[in-house]
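Some notes on the structure that comes next.
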Amino acid sequence: MVFTDDTSLSLQAAVALVNSAEPPDTLTGMAELDAFYDGFSYTGRRDRTAAELDEVRALRPRLRELLLAGRDDAAAMANRILAEAGAVPQLVRHDEFDWHIHAVALEVPLATRIAVETAMAMVDAIREDETSRFAVCADGECEALVLDLSRNRSKRFCSVACGNRNAVAAYRARQRS
Ligand SMILES: [Zn+2]
Ligand SMILES: [Zn+2]
């Protein structure tokens, strides 16, 4: 395992959030934000307002920049996010989750919590020199992010759809040559 479970989950959530901005945008309504929140086991404050949705949507370019940054730039960006949010790491235990770290309170707005959680996960990735686990999808037409958590670093495509499309294209190219 490259990262701890909670770090992996935070990084996967960040990638899913960033990728939701790829056309067609798949984070345009409350039901989609609910599915994201539940799907990645977020806890804490939910306003369920248009403002909350807008803030989460607006976070996506910044997270994309963070996840794709080189190690040194990523460190500076993570530091900035943590400082802006006034992050104070605290060990907490709640619901079904054993001791883990929250760096901001559960009452802080969702977009800020997502940003801080991503920054905290990037702290691990940076310390372990694993920021190269992030890449843009190897499909020429696709700008979505890939998080490769595999031991042999074999993941190149953001989705099964992109993988299959390229497998078919590679097969056709071989047939022609
Ligand atoms: Zn928690
Ligand atoms: Zn792709």
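What to note about this one:
- For the chain, relative contact order (Cα pairs under 8 Å, six or more residues apart, normalised by length) works out to 24 percent.
- Sites excluded, GluC sites (Glu not before Pro) in DSSP loops with at most 10 other C-beta within 10 Å, longest stretch of the chain: 1-95
- Considering all different alpha carbon pairs of region 18-77, the Kirkwood hydrodynamic radius works out to 12.7 Å.
- Where Rh is the Kirkwood radius over Cα pairs, Rg/Rh for the chain: 1.00
- For region 110-171, fraction of C-alpha pairs farther apart than 14 Å, in %: 65 percent
Laboratory data are not the source of any read-out in this text; all were calculated from the coordinates shown. Predicted, not measured: the structure shown is a model, and the values here were computed from it. When we count neighbours, we look across all protein chains shown, and the Cβ atoms used for this are built from the backbone with ideal geometry, even at glycine.
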